[in-house]
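Student: So that we are looking at the same thing, I have put the structure below in structure tokens.
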Amino acid sequence: MLKELLKNPRALTYAVLVHAVLLLLLVMSLRWNSKPPPLQSNGEIVQAVVIDEAKLLAERERKRQEEQSKRDQEEAKRQAELEKQRVEEQRRREAQEAVQKKKQQEAEQQRQAKIKAAKEAKDLKRAEEQKRLAEQRAKRKMEEERRKTEEAQRQAAEEQRKAEEQRKADEARRKRENEDLLKQQLAQEEQQRAEQAQAQAQAEQRQRELASKMKQYALRLKNIVDRNWIRPPSARAGLICTVHVRLIPGGEVKEARTVRSSGDPAFDRSAETAVLKSSPLPPPPDPSLREFDFLFNPEG
């Protein structure tokens, strides 16, 4: 108990205060129960009695505290002894449990070792059986592959022979076809050259005819446009310009635009105006010809 009080200072303080209060109450009780002093007694005698009683009470309290301390020590010693016995008992039980656990572990290890050995023996037997079966399968597979290889080689040789024969036949056929094709190409090329020469001659003839017709058409246009042209005051002799003319079906002039200037804007505008005033123009020699350049040269 004393150890517990020492561990708890607050409890120890409370215990001391309680004992002090009890001691004070005891002193007060003794003072009330003591016989009153004689009337003729002086103050010094009373003081002596009180002091003796206080000493007595203090001595009693000291003895009581010593006895209580002794009892507390004995109780603490007894508790320590009990704790020691409990600890020893606990250690003994733990030692017994450890021994028992170790025995169980050893037994379990032996059992697991037996299981492992049996499993290893079984696995070894199974592995040997699997190895034997694998060797048999490998042997059969090798035999099958050898047979397939021989058959493939025989088929490859036969196919190669047939392919060689087919190649020679195809080569002879292609040679004949190439010769025939070459003859056809030569004949076609000769015919194409003749046709091209004829077409070129015809095109040149058409070009010459069209050029002649366009020359005549240009003279007609010049006569028509010249009649509608009004010379501007700024125009000097020798001016010419090129006007781009666009017609619509019927010969109506849709556009007259100078594409090569004479250098005199008034002269260029007068040429454009003369072309527009000449609308509708005669149809061109080629019906598909809807746009052309007209060289305006009033003095030419």
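Student: Scan the range 254-271 and tell me whether some residue there is in a loop (DSSP other than H, G, I, E, B), under 30 Å from residue 203 (Cα atoms) and of a type outside the set (Gly, Ala, Ser).
Tutor: Taking every residue of the range 254-271 in turn, none turns out to be in a loop (DSSP other than H, G, I, E, B), under 30 Å from residue 203 (Cα atoms) and of a type outside the set (Gly, Ala, Ser).
Student: Would you confirm whether any residue within the range 47-57 is in contact with a Leu (Cβ under 8 Å, 6 or more places away or on another chain), under 17 Å from residue 16 (Cα atoms) and at pLDDT 55 or above?
Tutor: yes
Student: While we're on this one: If we keep just the residues of the range 272-300 that are of a type in the set (Asp, Glu) and assigned to a loop (DSSP other than H, G, I, E, B), which is surrounded by the most Cβ atoms within 10 Å (Cβ to Cβ)?
Tutor: By that ranking, first place goes to 286.
Student: Scanning for something out of contact with any Lys or Arg (no Cβ under 9 Å at 6 or more places or on another chain) and over 25 Å from residue 291 (Cα atoms), does the range 199-210 turn up at least one residue?
Tutor: Within the range 199-210 (the criterion being out of contact with any Lys or Arg (no Cβ under 9 Å at 6 or more places or on another chain) and over 25 Å from residue 291 (Cα atoms)), the answer is yes, since at least one residue qualifies.
Student: Which of the residues belonging to the range 214-253 are of a type in the set (A, V, I, L, M) and in a strand (DSSP E or B)?
Tutor: 243, 245, 247, 248, 253, listed by residue number.
Student: Here's a follow-up. Identify all residues within the range 234-268 that are surrounded by fewer than 17 Cβ atoms within 10 Å (Cβ to Cβ), in contact (Cβ under 8 Å) with a residue 24 or more places away in the chain, more than 26 Å from residue 288 (Cβ to Cβ) and not aliphatic (A, V, I, L, M); write none if there are none.
Tutor: Listed by number, the residues that qualify are 234, 236, 238, 263, 264.
Student: State whether one or more residues within the range 82-98 are closer than 30 Å to residue 19 by Cβ and assigned by TED's automatic domain parsing to the domain that holds residue 26.
Tutor: yes
The values are calculated or read from the model by the stated rules, or taken from the named source; none is laboratory data. Bear in mind the structure is a predicted one, so any value in this text is a computation, not a measurement. Neighbour counts are summed over all protein chains in view; Cβ atoms, including those assigned to glycine, are modelled from backbone coordinates with ideal geometry.
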